[in-house]
1. So, in region 1-48, how many residues would count as being surrounded by fewer than 22 Cβ atoms within 10 Å (Cβ to Cβ), without any contact (Cβ under 8 Å) to a residue 60 or more places away in the chain and either in a helix (DSSP H, G or I) or in contact with a Pro (Cβ under 6 Å, 6 or more places away or on another chain) (or both)?
2. Determine which member of the set S70, S39, S18, S30 is within 24 Å of V149 (Cβ to Cβ) and in contact with a helix residue (DSSP H, G or I) (Cβ under 9 Å, 6 or more places away or on another chain).
3. Can you name the number of the only condition in (1) over 25 Å from G54 (Cβ atoms); (2) crowded, with 20+ Cβ neighbours inside 10 Å; (3) polar (S, T, N, Q) that T165 fails?
4. For residues that are in contact with a Lys or Arg (Cβ under 8 Å, 6 or more places away or on another chain) and in a helix (DSSP H, G or I), scanning just region 152-161, find the one that is surrounded by the most Cβ atoms within 10 Å (Cβ to Cβ).
5. Name the residue that is farthest from L187 (Cα to Cα), counting only residues in region 115-151 that are of a type in the set (V, I, T) and surrounded by 20 or more Cβ atoms within 10 Å (Cβ to Cβ).
6. From the list S39, S70, which residue is farther than 18 Å from V140 by Cα and among the polar types (S, T, N, Q)?
7. Could you run through region 66-111 and say how many residues are free of Cβ contacts under 8 Å to residues at least 40 places away in the same chain and small (G, A, S)?
8. Which residue, of A113, A128, is within 25 Å of K5 (Cα to Cα) and assigned to a helix (DSSP H, G or I)?
Amino acid sequence: MEAIKILAAGAAGYLLGSVSWAVVMSWLVSRKDVRNYGSGNAGATNMARLFGMGVGVATFLLDGAKTVVSMLLGKLIGGYYGFLAAGYACLLGHCFPLYFGFKGGKGVSVGAALGLMLHWKVFVIIVAVFFITSFITRRVSAGSVMCTVAFVPAELAAGIRDWPTLLFGGAAALTVFVMHRENLKRLLKGEEKPFRPGKTGFLRKKKR
């Protein structure tokens, strides 16, 4: 019975995570699919590049909110393990959304919300790592990658010691890291372009 509850929590998290707010917001703003423009990613950074910081921040907050709702619902359904299962499933839903052809974002906004739900110190540390790295390198993707590296150490710094939570953090961080593998290749080659926010309504064709 306990396993069924955890699976149900995971299913709920995945379904909620599959709501790709970048796709929804881009359609509301321009009647176009953000995945066909810019980097082709259905995430807050690409939204900010194409439509401006306001839309990008709104997308980030909405993706974070779905994560919070998923984990709270998961806890209600399956206790603490349901809480963790729903969180990770939400991340998978965000990256591979059921409603949008399994082509979604790279998980940064969801990952930040996962950190917040685990412990506020985790959130503060990974956000600090993100902004410091992004500022120094002028590359948002570099900040995102470094957040994945810092996630488990941030858990330990926050006093988290139980293996299920540490493994959850490691799995989430690894997932986001893998989703950024192409960015990492470009970073290592010095080909990753700096982040520049766009203006509302401005679209650039996706690069092939």
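Readers should treat all values here as calculations from the given coordinates under stated rules, not as data from a laboratory. Computed from a prediction, not measured in an experiment: that's the story for all the values here. Note that each Cβ is placed from the backbone with ideal geometry, even for glycine, and that neighbours are counted across all protein chains shown.
1. Qualifying residue count for the region: 6.
2. The conditions single out S39.
3. (2)
4. A154
5. V122
6. S70
7. 1
8. After applying the criteria, what remains is A113.
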